[in-house]
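**Q** The following block contains the structure, expressed as structure tokens.
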Amino acid sequence: MKNIKIISIGFLTAFFIMFSCEEILDVEPKDSVTPVAIYQDIDQVEKLIVTMYNSTEGWAIRRNEFWGQRINLEGASFEAKFNFQDRNDIYNLRSGGWSTSNVGLAFEVKWQNYWSYVQSSNEFLSNIEGSPAKAANPAKADLLIAEARFLRANLYAKLIKYFGGVPIITEPNQLTGDFSFTRNSYEDCVKFIVAELDAVAPILPPTRPAAEFGRATKLAAMAVKSRTLLYAASKVHDPASLPQTQNTELYSYPVATKWADAEKAAKDIIDIVGDNALPQVADATAYQKLFLSPNSEILFARPYADGLYEVGTGGFNAANSLPDLAQSPSGYGGWGLCSPTHNFALEFNFADGTATGGVTPASPNTNREMRYYANLNYQGAMFRGRPVDYALAETPSVTTPDGLDSPKGLGNVQHSSKTGYNIRKFQDETLAKTNGISPNRPYILYRIAEVYLNYAEALAEQNKDALALTYLNIVSTRAKQPTIIGLTGPALKAAIKRERRVELCFEGHSFFDERRWMNEDKLGFDIKGLTWTKSTAGPVTFVEYTVVNRPWDKKMYYLPIPASEVEISPTLKQNDFY
């Protein structure tokens, strides 16, 4: 494995830009200490580590861009579409899709941002060794070193999801005049991530006190490993089914034990937390609350305290960087920025466990499973004291008005949902107004339900169907679905995928899951919606329609490396098809 020890001008430029624009957590040292002074004092060193947690994901997909501050991956996935003005420039999924100079505003600086944090991690790891701070408190220094290595491994796990194999850089880099560097294979990157996580897991604490919620633990490291190995084992990395034909080592994972490895990584977590670690809920409201505060299901999350928005410190622009204002229907003053697709809404079962089969029910909002009501706003949903109403009146009048959330309703009607749905998950409905702030609502990065489903998927891929079904049911029955009996083979695998779509929706999984499964019918498709109409006589009816077509091109399994980086370093291979 070749560890690259130089870095391009683009990487370094990204480092300086990143830290001037993205100061998210108010945790930086306040006394203007110099870098040399920081490594004299272990408490200053710890503050430096805390700032490095800005490398984790949050409500914003891009914290230094207006739209990116208010959305995440959901609008680029099967789950939803960007709603306001039907703009394509946010994710650039249409009109030819991504290019080396245009991946949409949301993805524009992913490469630079992630590498800037890799650089900061490497600088920390270099400077802490031999420092007075470590000499004075070696035990605490070793823990902080483990946190830095964990965060760097987590960054690499994200880099390979977006780009395939990348350079493995483990030392801080300087401008040397030599800008030639190469990408490591995907397999090498996975091995590096796993080795780092295996090394730090025994050092990280098994749990954290409430005051340290959001910092790395042993289970957090194990969760990153579980997801990384599950993704690596998936179809998109199988040498027999690679979409790419050039530089295939950047995407291929030719490991014979891949599914057994993914199985073990998940099982190692289950051996610690047990089979009954999911908090049980009575109804949709109780399920919603699982996402509003720290709880025992969460393995790793980005914390948000009172007064801490995704961006800013207060006012309108800060408030709409949180989901209440960013995703509420327009009639509530919300922006409804990412509208769930009707295609995705059909993934939710009926309450009795039967599937829609992809066919719109005559009464689409009746007798659906609990998570439908917890995760979606739909026509007639009771939300913040009144029914959501997207319907236009055939003949508007005092007695039959246009719906408050319709294209002729309240608020900025350009935010009215184009699909007939809004995101309800993550909304704190106890807030008096949608521009309030929910205390301690986390952005969940890894949780136990995912681990159970990771385990089920790995088992099913090895034809261990009975045990796979057991763990599928652990997640599904928590959501009040009836116990699934007798599923095997392809039907079981399909049920596990459906469960991931529904249980983990809007948490950043769908964008990657459908790619790793190579489900191209859920990557490129006609986005469907429902339009609702009120008749004067009273009935409210709907029509299913095509909102827009989202095309698919196999180049979009990965983002391209920015053209500016390849121009500086021609030895940096571009992703296939770009």
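The values are calculated or read from the model by the stated rules, or taken from the named source; none is laboratory data. Keep in mind it's a predicted model, so treat the numbers as computed, not measured. Quick reminder, even Gly has a Cβ in these numbers, built from the backbone with ideal geometry, and neighbours come from all protein chains shown. Ligands, DNA and RNA are excluded from the accessible area calculation, which covers all protein heavy atoms including side chains. Shrake-Rupley method; radii C 1.70, N 1.55, O 1.52, S 1.80 Å.
**Q** Leaving out ligands, DNA and RNA, what percent of the accessible area of the chain is carbon and sulfur, probe 1.4 Å?
**A** Carbon and sulfur: 55 percent of the exposed surface of the chain.
**Q** For segment 402-415, what does the Karplus curve 6.51 cos²θ - 1.76 cosθ + 1.60, with θ = phi - 60°, yield as ³J(HN,Hα) per residue in whole Hz, taken in order and with x for Gly and Pro?
**A** My calculation for segment 402-415 gives 4, x, 5, 9, 7, x, 10, x, 7, x, 7, 5, 5, 8 Hz in order.
**Q** So what does the Cα-only Debye profile of segment 247-313 read at q = 0.15, 0.23, 0.24 Å⁻¹, as log10 I(q)/I(0), no solvent term?
**A** -0.80, -1.04, -1.08
**Q** Tally Lys and Arg at +1 and Asp and Glu at -1 over the other residues with C-beta under 10 Å from the C-beta of THR100: what net charge comes out?
**A** Here the charged neighbours net out to -2.
**Q** Calculate the spin-label point distance for THR182 paired with MET382, positioning each point 7 Å from the Cα along the beta-carbon direction, and give it in nanometres.
**A** My value for the distance between the label points is 6.5 nm.
**Q** Here's another thing I want to ask about it. Looking at the square roots a ≥ b ≥ c of the eigenvalues of the Cα gyration tensor of segment 323-441, which shape do they give, rounded for a/c under 1.5, prolate if a/b is larger than b/c, or oblate?
**A** Oblate is the answer for segment 323-441, as a/c is 1.5 or above yet b/c matches or exceeds a/b.
**Q** Given a Förster distance of 22 Å, report the FRET efficiency between THR399 and VAL359 from their Cβ-Cβ distance, rounded to the nearest 0.05.
**A** With a Förster radius of 22 Å, E is 0.05.
**Q** Starting from the 7 Å offset along Cα-to-Cβ, what nm value, one decimal, do you get for the label separation of LYS289 and LYS235?
**A** Taking the two extended label points, one gets 4.0 nm.
**Q** Would you mind computing, in nm to one decimal, how far apart the modelled labels at LYS464 and THR483 are, each placed 7 Å from Cα along Cα→Cβ?
**A** That separation, rounded to one decimal, is 2.1 nm.
**Q** What's the ranking of 240-250, 414-424 by average number of surrounding C-beta atoms within 10 Å, highest first?
**A** Packing proxy ranking, top to bottom: 414-424, 240-250.
**Q** While we're on this one: State whether segment 444-578 is rounded, prolate or oblate according to the following rule on the C-alpha gyration tensor (a ≥ b ≥ c being the square roots of its eigenvalues): a/c under 1.5 gives rounded; otherwise a/b larger than b/c gives prolate, and the remaining case gives oblate.
**A** oblate
**Q** Return the label of the correct value of semi-axes √(5λ) of the Cα gyration tensor in Å, as calculated from the structure shown, out of [x] 50, 30, 20; [y] 33, 28, 25; [z] 39, 27, 25.
**A** Calculated semi-axes √(5λ) of the Cα gyration tensor in Å: the matching label is [z].
**Q** Is the shape of segment 335-374 best called rounded, prolate or oblate, per the rule: a/c under 1.5 gives rounded, else a/b larger than b/c gives prolate, else oblate, with a ≥ b ≥ c the square roots of the Cα gyration tensor eigenvalues?
**A** In terms of gyration-tensor shape, prolate.
**Q** How much accessible surface does LYS528 have with a 1.4 Å probe, in Å² rounded to 10?
**A** For LYS528, solvent-accessible area is about 60 Å².
**Q** Rounded to the nearest 20 Debye, what is the dipole magnitude of the chain about its Cα centre when Lys and Arg each give +1 and Asp and Glu each give -1 at the C-beta?
**A** Here the chain has a charge dipole of around 700 debye.
**Q** Roughly speaking, what is the stretch gain from LYS47 to THR430, that is 0.36 nm per residue apart minus the C-alpha to C-alpha distance, in nm to one decimal?
**A** Result: 134.6 nm gained on full extension.
**Q** Right, another one. So if we plug the beta-carbon distance of THR571 and ASP275 into 1/(1 + (r/R0)^6) with R0 = 51 Å, what FRET efficiency do we get, rounded to 0.05?
**A** So, using R0 = 51 Å, E works out to roughly 0.55.
**Q** Turning to a different aspect of this structure: Relative to the longest principal axis of the C-alpha atoms of the chain, give the angle of the C-alpha long axis of helix 110-128, reported between 0 and 90° and rounded to the nearest 10°.
**A** The two axes meet at around 40 degrees.
**Q** If SER321, SER363 are ordered by their accessible area, calculated over protein heavy atoms with a 1.4 Å probe, which sequence runs from highest to lowest?
**A** SER363, SER321
**Q** HN-Hα J couplings of segment 562-577 from phi, Karplus 6.51/-1.76/1.60, θ = phi - 60°, integer Hz, Gly and Pro as x?
**A** Rounded to whole hertz, the list is x, 4, 4, 6, 5, 5, 6, 10, x, 6, 7, 5, 7, 5, 4, 6.
**Q** Ordering GLU46, GLU108, GLU310 by accessible area with a probe of 1.4 Å, largest first, what comes out?
**A** The residues order as GLU108, GLU46, GLU310, largest area first.
**Q** Could you pull out the pairs from LYS191/LYS267; LYS161/LYS493; LYS425/LYS554 whose alpha carbons sit more than 25 Å apart here?
**A** Correct reply: LYS425/LYS554.
**Q** OK, next. Report the FRET efficiency, 1/(1 + (r/R0)^6), for GLN85 and VAL543, where r is their Cβ-Cβ distance and R0 is 30 Å, rounded to 0.05.
**A** Calculated value: 0.85.
**Q** Moving on. Could you please put TYR373, TYR287 in sequence from largest to smallest accessible area, using a 1.4 Å probe?
**A** Largest accessible area first, the residues go TYR373, TYR287.
**Q** A further question on this structure: Find the accessible area per residue for segment 107-183; the probe is 1.4 Å, ligands and nucleic acids are left out, and the unit is Å².
**A** Result: 30 Å² per residue.
**Q** Direction-averaged shadow area of the convex hull around the Cα atoms of segment 143-284, nm²?
**A** Quarter of the Cα hull surface area: 12.1 nm².
**Q** Let me check against my output: what whole-number percent is the relative contact order of segment 79-201, with C-alpha pairs under 8 Å and at least 6 apart?
**A** Result for segment 79-201 is 22 percent.
**Q** What is the set of long-range amide H partners of ARG183 at a cut-off below 5 Å, with H atoms built 1.01 Å from backbone N?
**A** LYS573
**Q** Right, here's the next one. What's the angle, to the nearest 10 degrees (0 to 90), between helix 448-460's Cα axis and the longest principal axis of the chain?
**A** 90 degrees
**Q** To the nearest 10 degrees, how steeply does helix 42-52 sit against the main Cα axis of the chain, on a 0 to 90 scale?
**A** 40 degrees
**Q** Oh, and also: Highest mean first, what order results for 454-460, 384-390, 480-486, 531-537 on Cβ atoms within 10 Å?
**A** 454-460, 384-390, 531-537, 480-486
**Q** Further question on the same structure: Accessible area per residue of segment 432-570 at 1.4 Å probe, in Å²?
**A** On a per-residue basis, segment 432-570 sits at 36 Å².
**Q** While we're on this one: How much area per residue is accessible in segment 271-315 when the probe is 1.4 Å and only protein heavy atoms are counted (Å²)?
**A** The answer is 46 Å² per residue.
**Q** Taking 8 Å as the Cα distance limit and 6 or more residues as the minimum spacing, I'd like the relative contact order of the chain as a percentage.
**A** 19 percent
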